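Here's the structure we're looking at; comments come further down.
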Amino acid sequence: MTYILSYGIGSIIGLLFVLTLLFWLIRDIVQKKHSVLRNYPLIGRLRYFLESQGEYIRQYFIAGERDEMPFNRAARNWVYRTAKGVGGVIGFGSTNDLREPGSIIFVNAPFPVLDLEHVPTPAVIMGEGYCRDPYTARSLVNISGMSFGALSAPAVQALSKGAAAAGCWLDTGEGGLSPHHVEGNCEIIMQIGTARYGIRDQHGDFSKERALELSKRVSAFEIKLSQGAKPGKGGVLPGGKVTEEIAKIRGIPSGQDSLSPNRHSDIANIDELLDRIHLIRELTGKPVGVKTAIGGLEFSNTLCEAVLRRGKDYAPDFLVIDGGEGGSGAAPQVLADHMGMPIMEALPRVVDDLIAAGLKQRIKVVASGKLVTPAKAAWALCTGADFINTARGFMFSLGCIQAMRCHNNSCPTGITTHNKRLQRGLVVNEKFQRVANYAMGMNKELEMIAHSCGLKHARELRREHVRLVQTAGNSMAMNILYPYPVVKT
Ligand SMILES: Cc1cc2nc3c(=O)[nH]c(=O)nc-3n(C[C@H](O)[C@H](O)[C@H](O)COP(=O)(O)O)c2cc1C
């Protein structure tokens, strides 16, 4: 009798345990906020537990929060918190070692500006005076080019809606303009990659008709020469990611690798580049920019020389300078590891060439390359950038956990996969708000840095407002490291 009673109680407890587990499991699968929990409820719970208790556990046997690559935990957590709208405030103190070479230190003003003295950051107009329909860009921080193909449909939709809510631009990346890009009705920069996806005729050549058609919807065009992760190598979309829909938008067969050439077949030098810029701007009336990684001084030198020779009508309206540390949906490791200057070297050099040539006002500068937190973005503004682009910052805002699987179609958070089961984790109507929060949070903290430096808004940041730690552990002001050049007459 006692045996039967205890057996019965044991079974009831067991059943309650199983039911509770089932309840948790189902709750996790149907909730819409957390991608990893929707896709992997058990592993996801474990991950959240380790994340919440991480500070206590990690100090015994796991690397510190500033150690991981490409992005350390401190940077990622800042983006996650900002995207969730829970703020970037920390307790106890910073884990950032200010003696590390390359550390960024801003020059705080003894008497910073009061709230009532703040001025909203002015918009910057691209192509003003040079094209029929210039683009007034309001947000300092914007979404860098990532193609529909590298990204999933729900990821692009969430970025589009988030960009619209935050008032920033969304760059299409090189895969063409898809219906997902326009879903949120945001401002769009159409990238023209070396394969000219979405803007080519049946022979694969640049199509004027398509350019005209696209100009009705996009704010600007961007000719991509290269990106920091793989300069000298065209886009790579592995066959497993080339679905019917993507193949149709790109004008290529489905299921086969989508490989862009290493450069535009009809642009082999600076003069041909300027001709193409001029042609698209005259045809469409829209600003036309160029995206490139920087290997040495040749590009910006010859660009400035050619613009001065031919006239400012031929200048690009903006230059996107992508650092060698930039990300990619798929890139050969050797190029990702070793090709192209990091943004901290490339940006001041290009800006100096533009200033020296008297072209800095004419050609706006957009900087990218791991500028995912406000300090790095503010450094770029100090150096001379007019805007910041980030790709992976926005991926983190969508819930990316840096699983590094963008190239094999198995992203666990649904961002870079076309596997419908995994995409289920990414709920557009939840995630778009995080995208917007991140963009607005970055802009807000850029303002905060400017105010601490005694400035009314972030566009007043200059090189004298930031110092960089050198190898000896002492810091040096950016305007001493890179003195402003004299304008050549
Ligand atoms: C998944 C993914 C896809 C990308 N696709 C493109 C692309 O189509 N065209 C392009 O110019 N850059 C592309 N990039 C590079 C980014 O636009 C950006 O230049 C680079 O990642 C640096 O910014 P980040 O460090 O903030 O990510 C891609 C990057 C990632 C991570």
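The values are calculated or read from the model by the stated rules, or taken from the named source; none is laboratory data. From a predicted model like this one, the values you see are computed outputs, not experimental measurements. Cβ atoms come from the backbone with ideal geometry, glycine included; neighbour counts cover every protein chain shown. All accessible areas refer to the heavy atoms of the entire protein, side chains included, with ligands and DNA or RNA removed. Shrake-Rupley method; radii C 1.70, N 1.55, O 1.52, S 1.80 Å.
Does K376 satisfy the condition of being open to solvent by 20 Å² or more (accessible area, probe 1.4 Å), more than 25 Å from L37 (Cβ to Cβ), within 14 Å of the ligand (Cβ to nearest atom) and in a helix (DSSP H, G or I)? Yes.
For region 317-339, the set of residues classified as more than 11 Å from the ligand (Cβ to nearest atom) and farther than 18 Å from L273 by Cβ consists of P332, Q333, V334, L335, D337, H338, M339, listed by residue number. Evaluated against (1) part of a loop (DSSP other than H, G, I, E, B); (2) open to solvent by 20 Å² or more (accessible area, probe 1.4 Å), N77 falls short on exactly one condition, (1). Whether any residue in region 304-327 is aliphatic (A, V, I, L, M), modelled with pLDDT of 95 or more and in contact with a Phe, Trp or Tyr (Cβ under 7 Å, 6 or more places away or on another chain) is what I want to check. Yes; the residues of region 304-327 include at least one that is aliphatic (A, V, I, L, M), modelled with pLDDT of 95 or more and in contact with a Phe, Trp or Tyr (Cβ under 7 Å, 6 or more places away or on another chain). Got at least one residue in region 417-431 being in contact with a strand residue (DSSP E or B) (Cβ under 9 Å, 6 or more places away or on another chain) and either within 21 Å of V372 (Cβ to Cβ) or more than 16 Å from the ligand (Cβ to nearest atom) (or both)? Scanning region 417-431 turns up no residue that is in contact with a strand residue (DSSP E or B) (Cβ under 9 Å, 6 or more places away or on another chain) and either within 21 Å of V372 (Cβ to Cβ) or more than 16 Å from the ligand (Cβ to nearest atom) (or both). Checking every residue in region 325-335 against the condition of being of a type in the set (V, I, T), over 22 Å from Y482 (Cβ atoms) and surrounded by fewer than 24 Cβ atoms within 10 Å (Cβ to Cβ) gives at least one match.
For V236, the conditions (1) more than 12 Å from the ligand (Cβ to nearest atom); (2) open to solvent by 30 Å² or more (accessible area, probe 1.4 Å); (3) under 18 Å from N408 (Cα atoms) all hold with the exception of (1). Annotation: of all residues in region 350-372 being away from the ligand (no atom under 16 Å from the Cβ) and not in a helix (DSSP H, G or I), the one that is surrounded by the fewest Cβ atoms within 10 Å (Cβ to Cβ) is Q361.
Condition test on S265, is it surrounded by fewer than 16 Cβ atoms within 10 Å (Cβ to Cβ) and on the phi < 0 side of the Ramachandran plot? Taking the combined requirement at face value, the residue satisfies it. Does region 338-349 contain any residue that is open to solvent by 40 Å² or more (accessible area, probe 1.4 Å) and within 29 Å of V242 (Cα to Cα)? Looking for residues that are open to solvent by 40 Å² or more (accessible area, probe 1.4 Å) and within 29 Å of V242 (Cα to Cα), one finds at least one in region 338-349, hence yes.
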